[in-house]
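> Below you'll find the structure I mean.
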Amino acid sequence: VGEASQGGFDALIAADQRIEPRDAMPEKYRETLIRQIAQHAHSEIIGMQPEGNWITRAPSLRRKAILIAKVQDEAGHGLYLYSAAETLGVDRAELLDRLHDGKQKYSSIFNYPTLTWADCGAIGWLVDGAAIMNQVPLCRCSYGPYARAMIRVCKEESFHQRQGFEILWTLMRGTEAQQAMAQDAADRWWWPALAMFGPPDTGEAAKGGGHTEQSMAWGIKRFANDDLRQKFVDMMVPQADKLGIVLPDPDLRWNEERGHYDFGEIDWDEFWRVLRGDGPCNAERIEHRRSAHEEGAWVREAATAYAAKQASRRQE
Ligand code: 3HC
């Protein structure tokens, strides 16, 4: 952007006003938003897979109906987010190509398997819980279309979290085997859920590549990764107690001085390994996504033909 436009952009950011698609913006700001919004959109649609795996096996008709609605909500979130990214001048077909070619990421969390029904509870409770903690501040993101998309997404995520809690609540009041299943799911999802907030913003594990400082200066991110992670731990400990679930961290304890829970070290080597493509389900997730995309080609073609027909009728 030119000097005058840069001044306009800086003034809007300083006044905590929204940047809209037609406003001038620095190229790096635009690129950062495309990266984050696309990664977020990809996470929503890849995130349909772990729970989609349980639709045919949900334990009752009611659970099945809720799960279908939930997975469908994730598809909807993907659509709002791809639309928000498109306002920055990219095409969603191109973003999907970048996902399929491994050039853009999706959240680390969705590379873990859903082994039992209790995993649907743990995902709702922990993963959607972490998603809300991370996404509520994004409703105040400096980029208008992203901020507005997040409002509805957060409302739906909070319903998702409660349904996950309720699945675990029911299991924890069931047979011993059901309680063990709920505990096992929490054991497996707790640490990957903490890693979802991203690497620490400073120190060795940050690998020197953190975007937080710049993104906070631009009002894209409102909190550092570690601050959101701490808020999440503080929110979840009392909920685990209510459920009767023991969180799998011997170092988890209230720190009176800090006014927060202390917690153990996250395995950042595992996080970076998963990001490099070496998690339990990376290959399966991308393979499934690619084949769903190919099998859906006829739907996109039909929709495009229909839109062209409607447009030509309007011209007549
Ligand atoms: N999974 C995969 N990659 C991650 C990650 C994660 N959990 N956390 C961080 N990273 C990547 C970043 O993309 C960045 O990679 P790059 O430099 O190669 O682009 C690198 O690790 C360093 O991380 P930073 O913290 O510096 O990166 P960001 O500033 O982008 O912050 C973020 C990461 C906090 C995840 C931020 O992008 C964000 O808030 N994104 C929006 C929320 C989102 O994407 N959520 C997805 C999961 S929740 C969900 O999909 C809902 C569910 O219900 C389906």
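Where a number appears in this text, it was derived from the coordinates with a stated rule and is not lab data. Because the structure is a prediction, the values reported are computed rather than measured. All Cβ positions, even for glycine, are placed from backbone atoms using ideal geometry, and neighbour counts span all protein chains on display.
> What order do you get for SER60, SER107, SER158 when you list them from fewest to most C-beta neighbours inside 10 Å?
SER60, SER158, SER107
> Now a separate question. Using the Karplus curve 6.51 cos²θ - 1.76 cosθ + 1.60 with θ = phi - 60°, work out ³J(HN,Hα) for each residue of region 255-271 in order, rounded to whole Hz, and write x for Gly and Pro.
Taking θ as phi minus 60°, the curve returns 10, 4, 5, 7, x, 9, 7, 7, 9, x, 7, 7, 7, 6, 5, 4, 4 Hz for region 255-271.
> Quick check: residue separation of ARG300 and ASP269 times 0.36 nm, minus the Cα distance between them. What number comes out in nm?
Residue separation times 0.36 nm, minus the Cα-Cα distance, leaves 7.2 nm.
> Among TRP272, TRP190, what is the fewest-to-most ranking by other Cβ atoms within 10 Å?
Going from sparsest to densest Cβ surroundings: TRP272, TRP190.
> For GLY279, what residues show an amide H to amide H distance below 5 Å, using hydrogens built from the backbone and excluding near sequence neighbours?
For GLY279, no residues qualify.
> Based on the alpha carbon coordinates of the chain, what radius of gyration and maximum Cα-Cα distance (Dmax) apply, in Å?
Every Cα atom of the chain included, Rg and Dmax give 20.8, 73 Å.
> Now for a separate question. Which value at 222 nm does the chain reach when only helices count, each DSSP H run of 4 or more adding -39,500 (n - 2.57), with the total divided by all residues and rounded to the nearest 500 deg cm²/dmol?
-20500 deg cm²/dmol
> What pairs from LYS64/LYS309; LYS155/LYS221; LYS105/LYS242 go past 31 Å between their alpha carbons?
Long pairs (Cα-Cα over 31 Å): LYS64/LYS309; LYS105/LYS242.
> Once the dipole of region 224-316 is set up with Lys and Arg at +1 and Asp and Glu at -1 on Cβ about the Cα centre, which of GLY277, GLN315, SER291 lies farthest towards its positive end?
Result: GLN315.
> So who's got an amide H within less than 5 Å of the one on ILE19, skipping anything under 5 residues away but keeping other chains? H placed 1.01 Å off N, in plane.
Correct list: TYR143, GLY144.
> Could you line up LYS70, LYS242 from fewest to most neighbouring Cβ atoms inside 10 Å?
LYS242, LYS70
> Above 18 Å lies some portion of the pair distances; for region 208-277, what is it as a whole percent of all C-alpha pairs?
55
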